Amino acid sequence: MSVPVDKDQLLVAMKKSQDALVKKLLRIPADQAFIPQLKGHVQGTQMSAANLVSYLIGWGEQVMYWHQQERNGEKIDFPAAGYKWNELGKLAQKYYADYADITSWPVLLEKQTYTHQQLIELVERYSNDELYGVPWYKTWTRGRMIQFNTASPCKNAATRLSALLKK
């Protein structure tokens, strides 16, 4: 699928990547979900499927937080408070830790699905022009920033899980 250029395409990309991801996540046995078997987001590290889901939840909640900061008239912390764009591996590890207390695979999956639904609702609140008509962060539109941190990571996660499921 090509990069979305409007609201409808963004929603399709988000839903399609989520559907493909969920199909793969449901094939991960709960007793395997927390075992580090995947290449981590930091070179030389391993992560579990649960870490990968935590990463997706973390980014989803970060995108929603950017919008909360904007609504509150605050300066938006891109990518996140205390992190720079060249420190995304460290940010990924923070997201793993943020949800490490969720030790039930079904509960973690439910949280990821809920986060995804909140992101869909966020996108639905904006017009096409608000999403794609003007730059929002530097030269990037709001829609592109949402896509970078929702549909793209979901698609990447599904690819990572494919390798695990072939073992």
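The numbers here are math on the coordinates, done by the rules we state, and not lab data. Note that the coordinates shown come from a computational prediction; the quantities given were computed from them, not determined experimentally. Neighbour counts are summed over all protein chains in view; Cβ atoms, including those assigned to glycine, are modelled from backbone coordinates with ideal geometry.
A few remarks follow.
- Nearest-ten-degree value, helix 88-98 long axis tilted from longest Cα axis of the chain: 70
- Between 0 and 90°, nearest 10: helix 7-25 axis offset from the chain longest Cα axis: 10
- The value of relative contact order for the stretch 7-165, using C-alpha pairs under 8 Å at least six residues apart, is 37 percent.
- Rounded to the nearest 20, the size of the Cβ-charge dipole of the chain about its Cα centre is 680 debye, with Lys and Arg at +1 and Asp and Glu at -1.
- Packing rank of 148-159, 53-64, 124-135, where each peptide gets the mean count of other beta carbons within 10 Å, highest leading: 53-64, 148-159, 124-135
- What separates the Cα centres of the stretch 144-163 and the stretch 1-78 is a distance of 6 Å.
- Normalised by 2.2 N^0.38 Å, where N is the number of residues, the C-alpha radius of gyration of the stretch 1-143 stands at 1.11.
- Among the listed pairs Lys24/Lys75; Lys39/Lys75; Lys90/Lys138; Lys24/Lys90; Lys7/Lys166; Lys84/Lys155, those with a Cα-Cα distance over 32 Å are Lys24/Lys75; Lys39/Lys75; Lys7/Lys166.
- Cα long-axis angle, helix 49-71 against the chain (0 to 90 degrees, to the nearest 10): 20
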